[in-house]
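Asker: Submitted below is the structure of interest, expressed as structure tokens.
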């Protein structure tokens, strides 16, 4: 569904507004110590921000994927290898938090320290991505 679209600014704003709602939810989940779901929301923040950039730059609807690195590659952004690795790792938060067969192990992994490290990285990536709009 990569047809050229109209109302680009409206669609970009839709993705950004949705990302901000997810960002707020992410913060609430951290406060309530629901770390695995906060990381899941962090993934959505980046996914939706990338989709806003996709629409803005490519003038078409974003591809159907949750893979942050794939979205990044399709857009053609320039990011160093470390940050690309972060995107790849954050993509796993989508699967690990969502599917029961991965949840147990992921919940054990999501200590306060682990979550804080990745939330800081999510925030850093979010800020960089918003500058790309």
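Asker: Pulled fully out, how much extra length does the chain show between residue 66 and residue 20, if you take 0.36 nm times their separation in residues and subtract their Cα-Cα distance?
Answerer: Between residue 66 and residue 20, full extension yields 14.8 nm more.
Asker: Under 8 Å for C-alpha pairs, at least 6 residues apart: give me the relative contact order for the chain, rounded to a whole percent.
Answerer: Rounded, it is 30 percent for the chain.
Asker: Moving on to the next point. Mean residue ellipticity at 222 nm from the helices of the chain, using -39,500 (n - 2.57) per DSSP H segment of n ≥ 4 over the full residue count, to the nearest 500 deg cm²/dmol?
Answerer: Rounded to the nearest 500, the figure is -26500 deg cm²/dmol.
Asker: Going 7 Å from the Cα of residue 120 toward and past its Cβ, which residues in the stretch 1-42 have a backbone nitrogen under 20 Å from where you end up?
Answerer: 26-42
Asker: If I histogram all Cα-Cα distances within the chain using bins 5 Å wide from 0, what percent of pairs lands in each bin?
Answerer: 2, 11, 21, 23, 19, 13, 7, 3, 1, 0
Asker: Specify the inter-centroid distance of the stretch 84-133 and the stretch 14-49, based on alpha-carbon positions, in whole Å.
Answerer: 10
Asker: Okay, next question. Taking the chain as a Gaussian network, where each spring joins two C-alpha atoms under 10 Å apart, which residue of 64, 93, 40 fluctuates the most?
Answerer: Residue with maximal mean-square fluctuation among 64, 93, 40: 64.
Asker: Any chance you could run the full-extension gain for residue 130 through residue 8? It's 0.36 nm times the residue separation minus the Cα-Cα distance, nm to one decimal.
Answerer: Between residue 130 and residue 8, full extension yields an extra 42.3 nm.
None of the figures in this text is laboratory data; all of them are computed from the coordinates on show. The shown structure was predicted, so the numbers you read here are calculated from the model rather than taken from an experiment. So basically every Cβ, Gly included, is an ideal-geometry build from the backbone, and we count neighbours across all protein chains shown.
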